[in-house]
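Student: The structure's right below; bear with me while I get my questions together.
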Amino acid sequence: MLEIGPVILRSWEKNDLEKIHRWENDFQLMLYSRGIPHNMKPYENVVDYFDEERKNENRLHYVILLKESNEAIGTAVIRLSQWGIVRSGNIGTYIDKKYWNKGIGKIVTIALLELSFHFLNLDRCEAGSIEYNKRAHRVLEECGFKKVGVHRKSAFVLGKRWDWFFFDILKEEYLQMREDLIRKYLGDVAEDYLKKVTLS
């Protein structure tokens with residue numbers, strides 16, 4: 001479990017699945033987070049996916065909670081991979097529409113970078129997002145990611161083909177800006193967080 005500013009990330013649990021099922025069948029949420037709005041997952045499929053993913057040591061799934069109310073407001077994942085000696089994490093997240101445009105996405109992205117670099121000692125992180133999801137691109141870039149590639153016209157959504165954008169950030173890049181990012185987006189509670197995760 002990681003507590004950072006107003007949010008907590010903890011591991012997926014089976015009693016989260018009803019809410020996750022609702023999110024996975026939300027047309028607008030999937031339109032932006034996955035580029036597959038006509039998703040229509042039965043509850044049983046969500047349960048099967050949970051059962052398979054929890055057996056996979058290279059999948060770290062989290063539920064995002066609001067610290068103040070303990071309400072679950074979204075999910076996040078780090079998908080681990082290794083090429084030779086280079087360890088990478090592909091991150092993804094979505095947040096309940098009620099909490100869009102409130103700055104939570106940036107804090108969750110920083111939380112995933114903290115987990116990836118400050119706790120798991122990964123070498124790099126990457127993320128992908130569909131062309132029209134400009135809000136996600138802005139969040140990634142403001143958290144230090146760089147756009148590094150495009151799969152042209154590789155997604156088909158609502159009658160049109162769209163590009164899929166790829167972003168990444170190296171550990172050394174994140175560590176250079178880490179404290180500035182944390183202070184910028186956590187505000188008054190930044191120093192408490194930095195003290196809590198630093199050994200004296």
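What follows draws every value from the coordinates through simple rules; no lab data is involved. What you see is a predicted model, and the numbers here were worked out from it, not measured in a lab. No Cβ is skipped: glycine too gets one built from the backbone with ideal geometry, and neighbour counts run over all protein chains shown.
Student: Springs between alpha-carbon pairs under 10 angstrom, Gaussian network model over the chain: which of Gly84, Gly187, Gly35 fluctuates most?
Tutor: Gly84
Student: Region 10-46: which GluC sites (Glu not before Pro) are DSSP loop and have at most 14 other beta-carbon atoms within 10 angstrom? Could you put the intermediate results ahead of the total?
Tutor: Numbers: sites: Glu13, Glu18, Glu24, Glu44; in loops: Glu13.
In loop regions of region 10-46 (DSSP not H, G, I, E or B), the sparsely surrounded GluC sites (Glu not before Pro) are Glu13.
Student: Which FRET efficiency value, to the nearest 0.05, do you get for Glu53 and Arg135 by plugging their Cβ-Cβ distance into 1/(1 + (r/R0)^6) with R0 = 30 Å? Could the numbers behind the result be given before it?
Tutor: Values: r = 26 Å, r/R0 = 0.88.
According to the calculation, E is roughly 0.70.
Student: Compute the distance from the alpha-carbon center of region 167-200 to that of region 110-152, in whole Å.
Tutor: Between the Cα centres of region 167-200 and region 110-152 lies a distance of 15 Å.
Student: Based on the Cα coordinates of region 2-187, what is the per residue volume of their convex hull in Å³? Numbers along the way, then the final one.
Tutor: On the way: hull volume 22.2 nm³, N = 186.
It is 119 Å³ per residue.
Student: Under 19 Å from a point 7 Å along the Cα-to-Cβ line of Val148: which residues of region 78-117 have their amide N that close?
Tutor: Flagged as within label range: 78-93, 109-117.
Student: Give the aspartates and glutamates whose C-alpha is closer than 14 Å to that of Lys146, dropping any in the same chain fewer than 8 places away, or say none.
Tutor: Glu126, Asp168, Glu172, Glu173
Student: Still on this model: Connecting C-alpha atoms closer than 10 Å in a GNM of the chain, tell me which of Ala127, Ala76, Ala190 has the biggest fluctuation.
Tutor: Result for the chain, Cα springs under 10 Å: Ala190 fluctuates most.
Student: Mind scanning Lys102/Lys160; Lys14/Lys106; Lys67/Lys102 and naming the pairs with a C-alpha gap bigger than 18 Å?
Tutor: Values: Lys102/Lys160 30 Å; Lys14/Lys106 26 Å; Lys67/Lys102 15 Å.
Those over the limit are Lys102/Lys160; Lys14/Lys106.
Student: Using DSSP, restrict attention to beta bridges with both residues in region 2-187 and report what percent are antiparallel, rounded to the nearest 5.
Tutor: Numbers: 40 of 43 bridges.
Roughly 95 percent of the DSSP beta bridges within region 2-187 come out antiparallel.
Student: Tell me which GluC sites (Glu not before Pro) from region 68-146 have a DSSP coil assignment and no more than 14 other beta carbons within 10 Å of their own. Walk me through the numbers on the way to the answer.
Tutor: Details: sites: Glu68, Glu71, Glu114, Glu126, Glu131, Glu141, Glu142; in loops: Glu68, Glu71, Glu131.
Answer in residue order: Glu68, Glu71.
Student: Roughly speaking, what is the centre-to-centre gap between region 1-68 and region 79-94 when only Cα atoms are used, to the nearest Å?
Tutor: Centre-to-centre (Cα) distance: 18 Å.
Student: A further question follows. Report the full-extension gain for the segment Val86 to Leu194: residue separation times 0.36 nm, less the Cα-Cα distance, to one decimal in nm. It would help to have the intermediate numbers written out before the result.
Tutor: Working: separation 108, 0.36 × 108 = 38.88 nm, distance 2.69 nm.
Length gained, Val86 through Leu194: 36.2 nm.
Student: For Trp162, enumerate residues with amide H under 5 Å from its amide H, sequence gap 5+ or separate chain, H modeled in the peptide plane.
Tutor: It is Ser154, Ala155, Phe156, Val157, by chain and number.
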